[in-house]
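Nothing in this text is a laboratory measurement; each read-out follows from the coordinates by a stated rule. What you are looking at is a predicted structure, and each value in this text was computed from that prediction instead of being measured. Every residue, glycine as well, gets a Cβ built from its backbone with ideal geometry; the counts of neighbours run over all protein chains shown.
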Amino acid sequence: MNISVVIPLFNEEESLPELAKWIKRVMDANQFSYEIIFVDDGSTDLSWKVIQDLHQGNRQIKGIKFRRNYGKSAALYAGFAATAGDVVITMDADLQDNPEEIPEMYRMVVEDNFDLVSGWKKKRYDPVLSKNIPSKFYNWIARKATGIKIHDFNCGLKAYRSQVVKSIEVYGEMHRYIPILAKWAGFKRIGEKVVKHQERKYGVTKFGIERFIRGPLDLLSVIFISRFSKKPMHFFGVLGSLVFLVGLISTITVGVNKLVALAEQVPAPRVTDTPYFFLALTAMIIGTQLFLAGFIGELVSRNASERNKYLVEDTLE
Ligand code: UDP
Ligand code: MG
């Protein structure tokens, strides 16, 4: 099969028939063999009923229904697991992404050998203040932090070589940073295509203000994991040792000062009367804690079940 289209959706009943028809038209015009996998992320409207009806009319349309709303990342993950196509396309269900982009993205994966082609909504039809400006900012940080030169990490419209989606685990709010997950898994050929974008036709956006909290937090974990997950000791261990050393030197200084004062029989204040005593104490404790965090991190990463997964790209036997 050429293409699997994975579409996560949450309460998008009005858009689905139109979207399915549009995708079919594009696929037929290009003579692609395809499947459309709708992943109903716990919709409370009639979305699932609509998908059932679409499936009745066209067996290339498939569905997965979640028991409750688990989030877009989980929906993508479940959809990815079910794909059979050589190239996997993801798109949003709200008709903001344009199916006409599929043939060129498919070509970029198959002929230009990209592992992942990310859409870039260069001209974007979303609220400027709440979406476009923050998004430019996050994309800039993500670009700097990861070295992946794309402009729109979170674009719903993407194309993947099948291997990629089978090798990555999208969880939490990580759907925003899939190109980074792909890069970690060793897929380096990450491309970008400017895509047409439309205003949302039906329904409302499913990502409210909590986006501003979860997005940055996940970006932080992404940066941290990419820098230090394979070597927690390099971060915590070094920092911990340094802080501990500062604490140790200060403690010795405080102690020696006191002893010298005693020996010379000059009046010396109690060590607990100086702030240095407490600073020294705290530094030693924090240093030990950091070092321990690094050590435990090492133990965890040694035990991570996927530490040696996906090492091999190809074999000859
Ligand atoms: N979505 C989902 N689960 C959720 C939230 C959103 O499957 O918990 C889907 C949603 O139905 C849509 C896509 O993810 O197909 C993108 O969501 P939306 O259009 O609301 O995001 P925006 O375009 O406003 O960033
Ligand atoms: Mg949308």
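Brief remarks follow.
- If you go through region 67-87 and keep only what is of a type in the set (A, V, I, L, M) and either within 21 Å of R214 (Cβ to Cβ) or within 16 Å of ligand 2 (Cβ to nearest atom) (or both), you end up with A74, A75, L76, A78.
Conditions tested, residue by residue: (1) in a strand (DSSP E or B); (2) among the aliphatic types (A, V, I, L, M); (3) in contact with a Leu (Cβ under 9 Å, 6 or more places away or on another chain).
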position: S4; (1), (2), (3): yes, no, no
position: R25; (1), (2), (3): no, no, no
position: V39; (1), (2), (3): yes, yes, yes
position: R67; (1), (2), (3): no, no, no
position: L76; (1), (2), (3): no, yes, no
position: G79; (1), (2), (3): no, no, no
position: I89; (1), (2), (3): yes, yes, yes
position: P103; (1), (2), (3): no, no, no
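- Selection of region 32-50 for residues being near ligand 1 (Cβ under 9 Å from one of its atoms) and either under 20 Å from E101 (Cβ atoms) or among the β-branched types (V, I, T) (or both) yields only V39.
- Any chance I178 is away from ligand 1 (no atom under 15 Å from the Cβ) and under 14 Å from the mean Cα position of the chain (by Cα): no
- For S135, the test of being surrounded by 21 or more Cβ atoms within 10 Å (Cβ to Cβ) and either more than 19 Å from A185 (Cα to Cα) or among the hydroxyl-bearing types (S, T, Y) (or both) is passed.
- Search result, residues across region 142-160 that are surrounded by 14 or more Cβ atoms within 10 Å (Cβ to Cβ) and part of a helix (DSSP H, G or I): A142, R143, A145, T146
- Top-ranked residue in region 197-215 [being over 19 Å from L16 (Cα atoms) and charged (D, E, K, R); ranked as nearest to ligand 1 (Cβ to nearest atom)]: R211
- Selected residue [outside any helix (DSSP H, G or I) and either within 15 Å of ligand 1 (Cβ to nearest atom) or not hydroxyl-bearing (S, T, Y) (or both)] from V165, V170, V222: V170
- Residue match in region 181-195 (condition: of a type in the set (G, A, S), part of a loop (DSSP other than H, G, I, E, B) and buried (at least 20 other Cβ atoms within 10 Å of the Cβ)): no
- Only one of V222, V165 that is within 16 Å of P8 (Cβ to Cβ) and touching a Phe, Trp or Tyr at 6+ places or on another chain (Cβ under 7 Å): V165
- Selection status of S47, in contact (Cβ under 8 Å) with a residue 60 or more places away in the chain, within 16 Å of ligand 2 (Cβ to nearest atom), in contact with an Asp or Glu (Cβ under 8 Å, 6 or more places away or on another chain) and closer than 24 Å to F207 by Cβ: no
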